[in-house]
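A.B. asks: Let me begin by handing over the structure; questions about it come next.
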């Protein structure tokens with residue numbers, strides 16, 4: 001669990017930084033494989049029957065080791081900083097000269113140094129007195145008062161290069177803290193976390209209890225397994241379509257997110273009416289379409305709200321709180337079944353959570369105005 005959490009967050013942050021123009025569709029492609037996990041159940045059973053549980057674990061471990069070379073693909077394409085143009089260097093050098101007019105320690109580069117060498121010694125004014133009054137040389141000009149007529153002499157350039165020291169072009173960036181608690185002071189974080197928390201409750205409960213409910217209605221185990229297979233395929237397609245539509249930027253991404261959550265909640269509330277296999281299949285398709293839609297937009301919505309700079313902190317804290325609810329949600333739904341002896345209450349609970357989840361997004365404009373007003377103070 002710890003390894004998967006670190007893997008997902010690192011991959012999500014790198015995806016947000018490198019796939020910003022098509023983030024929704026890129027995230028949908030990355031998450032679409034989760035919908036194909038229905039194939040793991042028969043595959044795992046086959047491995048256990050053939051190699052035993054020890055051999056099955058070894059095979060799964062070997063498959064998961066492929067994540068190492070896959071993660072290496074996230075390595076930055078280039079670690080070199082972009083080269084600065086001569087105009088940029090001169091601009092930075094002039095800024096440094098303005099800050100320390102009396103303590104200029106060198107020229108910005110060798111080219112600038114060579115430009116200071118005049119071809120004619122008579123054209124250079126006598127600057128020995130004013131320069132020495134400051135107690136130091138300015139870029140070694142005392143050596144250049146009487147330069148040779150041939151300024152391109154091979155002896156002049158090395159000497160001038162040694163007499164100058166390059167100016168520092170930029171200051172070191174302040175290191176970021178290991179744990180950044182600033183998201184806990186941001187109302188946008190609580191708006192997103194509220195929705196993230198309840199949406200996970202609405203997502204996991206039907207997945208765990210769908211097959212069990214089908215069996216209590218007299219559906220065979222084989223037909224019940226078809227429900228999971230159809231849900232996985234439908235959710236995969238839904239995530240891809242949801243990401244593609246969101247990248248069109250016809251409206252804000254969290255508007256799509258809210259719409260999918262509301263429709264998912266209504267679908268779960270209608271689930272107790274599905275008492276036959278065709279109706280259960282209809283519910284499964286509808287739930288997979290809407291749940292795949294809002295799950296594909298979780299990361300793009302967060303990036304739109306808080307940006308990429310502190311995405312790792314916001315996503316880490318939000319996933320921490322949502323993980324607690326994801327662990328407690330299915331047991332709570334199981335307790336509802338033990339108390340009522342029917343799975344209908346579990347799906348009603350999931351529907352209520354899905355409808356509660358998007359309520360916080362209605363406060364997003366107020367939170368943005370509050371942050372803007374606070375920043376202007």
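The values are calculated or read from the model by the stated rules, or taken from the named source; none is laboratory data. On a predicted model such as this, the values are computed, not experimentally measured, just so you know. No Cβ is skipped: glycine too gets one built from the backbone with ideal geometry, and neighbour counts run over all protein chains shown.
A.B. asks: Could you please let me know if residue 26 is under 17 Å from the mean Cα position of the chain (by Cα), surrounded by 12 or more Cβ atoms within 10 Å (Cβ to Cβ) and modelled with pLDDT under 70?
C.D. replies: Judged against the criteria, residue 26 is not a match.
A.B. asks: Looking at (1) over 27 Å from the mean Cα position of the chain (by Cα); (2) surrounded by fewer than 21 Cβ atoms within 10 Å (Cβ to Cβ), which is the one condition that is false for residue 355?
C.D. replies: The failed condition is (1).
A.B. asks: Looking for whichever is closer than 30 Å to residue 17 by Cβ and surrounded by 23 or more Cβ atoms within 10 Å (Cβ to Cβ) here; the options are 307, 316, 323, 292. Which one fits?
C.D. replies: Matching residue, one of 307, 316, 323, 292: 292.
A.B. asks: Report yes if some residue within segment 175-183 is more than 28 Å from residue 360 (Cβ to Cβ), outside any helix (DSSP H, G or I) and modelled with pLDDT under 75; otherwise report no.
C.D. replies: yes
A.B. asks: Does residue 278 satisfy the condition of being assigned to a helix (DSSP H, G or I), modelled with pLDDT of 80 or more and under 29 Å from residue 327 (Cβ atoms)?
C.D. replies: Criteria not met by residue 278.
A.B. asks: Also: Give the residue that is surrounded by the fewest Cβ atoms within 10 Å (Cβ to Cβ), with candidates limited to residues of segment 326-349 that are without any contact (Cβ under 8 Å) to a residue 60 or more places away in the chain and in contact with a helix residue (DSSP H, G or I) (Cβ under 7 Å, 6 or more places away or on another chain).
C.D. replies: The residue in question is 345.
A.B. asks: Tell me yes or no: at least one residue of segment 79-96 is modelled with pLDDT of 70 or more and loosely packed, with under 14 Cβ neighbours inside 10 Å.
C.D. replies: no
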